[in-house]
Amino acid sequence: SGNVNLDYLSIAGGTVVTPPTPTTKAEAEDATLTIAKVNWDHTGYSGTGFVDNYNTGNVGATTTFTVDMASAGAADVTLRYGNGMGSAMTVSLYVNGTKIKQTSLPPTANWDTWGDKTETLNLAAGTNTIAYRYDSGDTGNVNLDFIALSASS
């Protein structure tokens with residue numbers, strides 16, 4: 001079955017239904033990994049796996065997503081993550097090689113439960129990189145499943 005894109009749908013009676021804003025999804029296991037690695041030992045992940053190895057001793061672990069934007073502007077980037085540590089954990093967020101912030105990922109119920117953290121990021125037209133890195137000063141100890149991009153509200 002092929003993919004179909006609808007700009008609008010005309011229903012009998014002239015009503016126009018506008019579809020929701022498209023979302024671009026990028027799986028962590030398909031991203032560029034440094035120190036971080038693909039794993040499968042927890043359930044509920046999307047795609048073919050998730051990324052871990054953001055633990056103590058692995059400062060520098062990075063998952064770098066490459067995304068293409070039709071035009072420059074703000075985008076909501078939602079990270080699906082796991083954090084079974086019992087308290088908020090942190091990683092650093094980079095856009096196009098520049099550190100934007102340290103982001104805090106609240107705890108999930110356990111390692112088989114996934115949470116979402118949305119950040120509004122300014123992206124350039126064309127190719128962008130979005131990276132989650134375990135820097136010194138971060139607590140790490142998280143798993144990354146995917147990111148989803150949508151137009152900023």
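The values are calculated or read from the model by the stated rules, or taken from the named source; none is laboratory data. Keep in mind it's a predicted model, so treat the numbers as computed, not measured. Neighbour counts run over all protein chains shown; Cβ positions are idealised from the backbone, glycine included. What goes into the accessible areas is simple: the full protein's heavy atoms, side chains included, and nothing from ligands, DNA or RNA. Shrake-Rupley method; radii C 1.70, N 1.55, O 1.52, S 1.80 Å.
Averaged per residue, region 30-142 has 46 square angstrom of accessible surface, using a 1.4 angstrom probe with ligands and nucleic acids left out. At a 1.4 Å probe, what is the % contribution of carbon and sulfur to the accessible area of region 30-153? Roughly 49 percent of what the probe reaches on region 30-153 is carbon or sulfur.
Multiplying the sequence separation of Met69 and Ser87 by 0.36 nm and subtracting their Cα-Cα distance, what value in nm do you get?
Going from the current span to full extension adds 3.1 nm.
With every protein chain in place and a 1.4 angstrom probe, the accessible-area ranking of Arg80, Arg133, largest first, reads Arg133, Arg80.
Taking 0.36 nm per residue of separation and subtracting the Cα-Cα distance, full extension of the segment from Ile100 to Glu119 would add 5.8 nm. Three semi-axes describe the equivalent ellipsoid of region 32-153; taken as square roots of 5 times the Cα gyration tensor eigenvalues and ordered largest first, they are 23, 15, 14 Å.
With a cut-off of 14 Å on the backbone N, the residues of region 104-123 near the modelled label site 7 Å out from Ser150 along Cα-Cβ are 116-120.
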